[in-house]
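First up is the structure itself, then whatever we jot down about it.
The values are calculated or read from the model by the stated rules, or taken from the named source; none is laboratory data. Since this is a predicted model, take the numbers as computed values, not measurements. When we count neighbours, we look across all protein chains shown, and the Cβ atoms used for this are built from the backbone with ideal geometry, even at glycine.
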């Protein structure tokens, strides 16, 4: 047999790969991950998807979705320091759902249907098994949102992140017919404010959550896997990592219906993320309007009460740091609000009638006023 000699001035492929691997980057691990995630990606396929993953760019055929005169709506977001808890507890299966929800819920508030999603996953050392669980969660989120996972980037960056650390970012694009876009400009005094219950903390406030956990549980000999004192049936990890709720499939059928005026039944929406109820609802309101809410009209899960007590958190901090039991706010005219509430309830959403829209002096009035706030903090039932 002829000798297997390497031509002069050329480097054997395995030697090149070994050199890069010795620097901390494993190309083989990346290739293994691609193979592991292909089944997850396949289950998100929908109309408009062209080809599979692995190309330099991902193509999507908007015409195939059936839109006639669409506007494209785009959003990008991350999961934040909630990832630190997932990393410390080795629970990686649901943070991908958080990633999709933080983006897709931002699209639906403008009436847009999420069409496709791309992710960015960066880590110090790629571990295909745990990475596949993370991307599997992203695919689960895409399936819940009805959008396709059409591509992404995996970056192995030794020296940039500590061992086992990783970060996630997501990018979502949706579409809405030009005549159906939700801007909030039709909202007027007397309209009804409905709140859709959150699934828990969602993905905001986790720097404070982790501080409280350190001071009251971990430094006292407890652990994330211990039964939570506020809900002994589950662990702290399970309660804190409960994924962000996706509202797309509940809201889209309602958004497709019209009032006699020809406009959508829903006039405005607010995704309750960072900034909470106090800062997100005004983003949906026209100038000269505010909302009057009743704190006795909705409830929060026990984790919120526990955090407030353990962290000695004041009212404003609670309402701007956490969603306080409401993941999405929907505003409708009085004559349509009950219909909207019933339809959303029929899809499995817990819907609270929180209050009404009122006129305000933009310079002097609070844009969100909550009466009976003490009733909200005293409630101890699970929403």
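Observations on the structure shown:
- Search result, residues across region 312-327 that are part of a loop (DSSP other than H, G, I, E, B) and touching a helix residue (DSSP H, G or I) at 6+ places or on another chain (Cβ under 7 Å): 313, 322, 323, 324, 325
- If the condition is being in a loop (DSSP other than H, G, I, E, B) and crowded, with 22+ Cβ neighbours inside 10 Å, then region 112-153 contributes 112, 126, 147.
- Residue check, residue 104 in contact with a strand residue (DSSP E or B) (Cβ under 7 Å, 6 or more places away or on another chain), part of a strand (DSSP E or B), closer than 16 Å to residue 170 by Cα and modelled with pLDDT of 95 or more: no
- Subset tally (residues that are touching a strand residue (DSSP E or B) at 6+ places or on another chain (Cβ under 9 Å), assigned to a loop (DSSP other than H, G, I, E, B) and at pLDDT 95 or above) for region 46-91: 4
- Some residue of region 65-72 being farther than 22 Å from residue 275 by Cβ and touching a helix residue (DSSP H, G or I) at 6+ places or on another chain (Cβ under 6 Å): yes
- Test: residue in region 357-364 that is assigned by TED's automatic domain parsing to the domain that holds residue 229 and in contact with a helix residue (DSSP H, G or I) (Cβ under 7 Å, 6 or more places away or on another chain): no
- The residues listed here are 247, 263, 236; of these, the one that is surrounded by fewer than 16 Cβ atoms within 10 Å (Cβ to Cβ) and in the same structural domain as residue 345 (by TED's automatic domain parsing) is 263.
- Across region 154-168, the qualifying residues are those that are in contact with a helix residue (DSSP H, G or I) (Cβ under 8 Å, 6 or more places away or on another chain) and not in a strand (DSSP E or B), and the one among them that is farthest from residue 243 (Cα to Cα) is 164.
- Picking from residues in region 77-111 that are closer than 26 Å to residue 213 by Cα and more than 16 Å from the chain's Cα centre (by Cα), the one that is surrounded by the fewest Cβ atoms within 10 Å (Cβ to Cβ) is 90.
- Some residue of region 344-365 being surrounded by 16 or more Cβ atoms within 10 Å (Cβ to Cβ), assigned to a helix (DSSP H, G or I) and touching a strand residue (DSSP E or B) at 6+ places or on another chain (Cβ under 9 Å): yes
- Enumeration of residues in region 217-227 that are loosely packed, with under 14 Cβ neighbours inside 10 Å and in a helix (DSSP H, G or I): 219, 220
- For region 195-211, the criterion of being over 20 Å from the mean Cα position of the chain (by Cα) and crowded, with 17+ Cβ neighbours inside 10 Å is met by no residue.
- Any hit, region 290-310, residues being at positive phi and either crowded, with 19+ Cβ neighbours inside 10 Å or touching a residue at least 12 places away in the same chain (Cβ under 8 Å) (or both): no
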